[in-house]
Amino acid sequence: SNRGMIADGNIRYLWASIDSDNIIYHPDRMITDAQQFELSEDRSGEVQIPKVAGKEVDIEWKPYKDSMYIQSKGEAFELFNDPGYKIHNLLVLTPGGLKGKGTFDWTNGSASSDLYSFGAFSAEADTADLAIRSSDLTDLALNTRNVYTKLDFDAQIGSVKANADTINTVLPYNKYITSMNEYDWDMKHETVTFKSKEDSYGDFLSTDNNQDSLNFKGKTAFYDLKTSELKIGGVPHLVAADAYIYPAEGQVEIANGGIMTRLENAQIIADTINKYHVINRATIDIKGRKDYQASGYYEYNIGDRKQEIKFDNIVGGRVGKGKRSEKQVLTRAEGEVTKNDNFYIDHKTAFLGKISLQADSRNLSFAGFARLDVPSLPEQPWFSIQSEGDKNELAISYDEPRSFEGMPLRTGLYLNRANSQLYPRVMMPLKHSKDRPIFEAKGLFKYDAKADQFQFGDSLKIVVGVKPGNVLTLGNADGGVATEGKFLLGPEAKVFRMNAAGRARTSFGQQDGTLKVDLMSGFEFWLPEKLIKIMLNDLQSSSFDAQIVDYKRETQFFERALAELIDDPKSLHHAIGNMKHYGLDLPEKHDPYTLFFSHLPMEWKPEFQSFITTKETLAFGSLAGTAINRWLQSVVEIRIPSTGEESINIYFKSPSDFYYFFNYKNGVLSIASNNQKFNDEMDGLKDKERIKKFKGGETLELQAVESAAAQLFLKKIKMMKK
């Protein structure tokens, strides 16, 4: 007919046998539909043929292409002798075997391809999209696109390899994507083993929105379809919050739902920039790229002493204010050591209490109690500290530490009010609560292992090495105490001030309560200009008969003492430079002193309750701002009696044999001299010229006394020196 040549009956082609009552022949092809299409399995030849069963199919046979096309109209083709294998769409029968196109589906997976090659119980496609189901068949466990796929159902092995390096494998059941796109599928044991190129890593990326794109690298991956666990090996590290996390043996496991299994015996290095802190044997729960919780052991070795801090609470997460997506991330950790742990924060300092860290800071935070392990100390109380410190260069800050019982502890030199003996303290209670401080050190303490000594006091002086600041040095071996800085001497009065700086040495083994100090000292008090001019004319006219002070002989002492009195670095530098070449001349804004001694060696005499000068001549620096810089016969006494009525006596004699004596006590400045011109001027002062009022209500009254007072003072000093 005009439709072509029509026939019915049985058509045989290669391995196919087709019954149809509607066969149409055209010159180059045959078309028909059939109620059934069947192929019988054939494993006998070089080309193996699977069993196929189809219903309601359209067939197009192109003999000149030696191909028969079988299209399913309704139900899918059933493949193979085992049930459960189907292909939707099209089959192509050729002398080379059975080909196919469409969706190939079976119990454990499915594939989509434009060209399959089927064997008796196998399927192969150069380009396919493959999906593997989870063991319970409810979800997709793995999904890969554009891959070469070879499925051998006899051997129960599938081999898959991506056609491009940029192709990822999706693990939807575990909410991960990996760049590892070559793997073997063991269908019998329900496992997938991923492969990576030699010396290269695969990328793993979480698709869970709550994990903030957590990602890491790995060399191997093994997926268990029965347990839905993804085991990844060769993981160099992960990054969570601001920390590097190193899994034990490079192993990471991802459970269904994308939950990373708890890491045991891992290592944390925080932060990722500075890598200040290392935590070993850590147990870690990684919640996401910006969130983890852990516990672990922080290595804190001191020399040969091997120590660890157990950090029970390690948290890496978002901190600060602002939008969640914009917040910074930070690792923080906290642990506690007890007295039984016998823990040391440096070679000679025991500690108990809480220790915490913030990953962006090199320093640890210490909050608890410390104790100096110094055998030469008569007492070793625990003292409170709350400070940050770098364990590699530990310096602990302190201000007013207290004992376990809440008793104040002090560091410095103190005057015993009961017996007038001077004694040192290093993180100890005073012998009596009202003992007077002579020198105090606050700031921080640090142990110098090389020198085997502690330093206490001003942070900049200890850490940076600047000149100003109070520092007390304690020798570990002998208990020797050296102090340098400002000394608290003289009456606590606005009308008469003594500003003293220098150095002193003593020892915890010293029993006599004496103390020798080397000071640079200025005395700030009011004198009428007329009296100052007379003394100044006397000194200047006769100074050529006195020895010049050579400041180059003890440069270190003069420089360090001067640094305590001049707080401006530029002015200090200028003053030190001039001192070495021309003599000491204090800058005007740093020179409020009426009398200034550039070197004042003194000794504390407990039996007389006084500091007295130990040399016959003293380095007289200046008078009322005018540089003198001569060695003059001088005597200075600072009385600190137990009654609290402190006083100062100052005596000096010019080369012309005129002497000047000043005694200050309780707002009265008594003055004596053998310079008649000076005495006449003193006697000529009116009553109102003898009194100076200061802010706050204090007054200074000048009082002339007989010259015998000066001589009596010198006799007393001579007797005290015996």
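The values are calculated or read from the model by the stated rules, or taken from the named source; none is laboratory data. No experiment lies behind these values; they were computed from the predicted model shown. We place every Cβ from the backbone using ideal geometry, glycine too, and count neighbours over all the protein chains shown. With ligands, DNA and RNA removed, areas are computed over all heavy atoms of the protein, side chains included. Shrake-Rupley method; radii C 1.70, N 1.55, O 1.52, S 1.80 Å.
Points to keep in mind about this one:
- Restricting region 332-365 to residues that are of a type in the set (S, T, N, Q) and surrounded by 19 or more Cβ atoms within 10 Å (Cβ to Cβ), the residue that is nearest to the chain's Cα centre (by Cα): GLN358
- Among the residues making up region 514-537, those that are basic (Lys, Arg) and within 21 Å of LYS692 (Cα to Cα) are LYS530, LYS533.
- Close contacts from region 320-335, counting a first residue that is over 17 Å from PHE366 (Cα atoms) and a second that is exposed (fewer than 14 other Cβ atoms within 10 Å of the Cβ) and at pLDDT 90 or above, with Cβ to Cβ under 7 Å and a gap of 6+ residues or different chains, come to GLY320/GLN328.
- Among residues of region 558-585, those that are over 16 Å from SER521 (Cα atoms) and of a type in the set (D, E, K, R), counted: 3
- Looking across region 382-405, the residues that are open to solvent by 30 Å² or more (accessible area, probe 1.4 Å) and either of a type in the set (Ser, Thr, Tyr) or under 25 Å from SER433 (Cα atoms) (or both) come down to TRP382, SER384, GLN386, SER397, ASP399, GLU400, ARG402, PHE404, GLU405.
- When the test is whether a residue is in contact with a helix residue (DSSP H, G or I) (Cβ under 9 Å, 6 or more places away or on another chain) and not in a strand (DSSP E or B), SER542 does not pass it.
- Scan of region 371-397 for residues that are over 16 Å from LEU474 (Cα atoms) and either among the small types (Gly, Ala, Ser) or outside any loop (DSSP other than H, G, I, E, B) (or both), ordered by number: PHE383, SER384, ILE385, GLN386, SER387, GLU388, GLY389, SER397
- From GLY109, GLY84, residue being modelled with pLDDT under 95 and farther than 27 Å from ILE259 by Cα: GLY84
- Subset of region 422-455 [under 24 Å from LEU489 (Cβ atoms) and in contact with a helix residue (DSSP H, G or I) (Cβ under 8 Å, 6 or more places away or on another chain)]: GLY443, GLN455
- Residue in region 209-238 that is farthest from ILE132 (Cα to Cα), counting only those that are crowded, with 16+ Cβ neighbours inside 10 Å and among the β-branched types (Val, Ile, Thr): VAL235
- Pairs linking a residue in region 123-140 that is under 23 Å from VAL52 (Cβ atoms) to a residue that is surrounded by fewer than 18 Cβ atoms within 10 Å (Cβ to Cβ) and of a type in the set (A, V, I, L, M), with Cβ atoms under 7 Å and 6 or more positions apart or on different chains, are ALA125/LEU115; ASP126/LEU115; ALA131/LEU140.
- Residue match in region 83-100 (condition: open to solvent by less than 10 Å² (accessible area, probe 1.4 Å) and not in a strand (DSSP E or B)): no
- If you go through region 34-59 and keep only what is open to solvent by less than 50 Å² (accessible area, probe 1.4 Å) and either in a strand (DSSP E or B) or closer than 24 Å to HIS88 by Cα (or both), you end up with ALA34, PHE37, LEU39, ASP42, VAL47, ILE49, PRO50, VAL52, ALA53, GLY54, VAL57, ILE59.
- Check on LEU565, more than 23 Å from LYS721 (Cα to Cα) and surrounded by 13 or more Cβ atoms within 10 Å (Cβ to Cβ): yes
- Only one of the numbered conditions (1) without any contact (Cβ under 8 Å) to a residue 60 or more places away in the chain; (2) surrounded by fewer than 16 Cβ atoms within 10 Å (Cβ to Cβ) is not met by GLY303, and that is (1).
- Taking each residue of region 640-655 that is over 13 Å from SER610 (Cα atoms) and looking for partners that are among the β-branched types (Val, Ile, Thr) and open to solvent by 10 Å² or more (accessible area, probe 1.4 Å) with beta-carbon atoms closer than 7 Å, six or more apart or interchain, yields TYR651/VAL635.
- Only listed residue being at pLDDT below 95 and either over 24 Å from LEU600 (Cα atoms) or loosely packed, with under 15 Cβ neighbours inside 10 Å (or both), chosen from ARG417, ARG410: ARG417
- Residue match in region 708-720 (condition: among the β-branched types (Val, Ile, Thr), closer than 27 Å to ILE548 by Cα and in a loop (DSSP other than H, G, I, E, B)): no
- Residues that are among the charged types (D, E, K, R) and farther than 17 Å from LYS51 by Cβ were ranked within region 101-119; the one that is surrounded by the most Cβ atoms within 10 Å (Cβ to Cβ) is LYS101.
- Residue list for region 107-128, filter: in a strand (DSSP E or B) and either in contact with a helix residue (DSSP H, G or I) (Cβ under 9 Å, 6 or more places away or on another chain) or over 16 Å from ASN89 (Cα atoms) (or both): GLY109, GLY119, SER122, GLU124, ASP126, THR127
- Candidates ALA131, ALA141 - the one that is crowded, with 23+ Cβ neighbours inside 10 Å, assigned to a strand (DSSP E or B) and of a type in the set (Gly, Ala, Ser): ALA141
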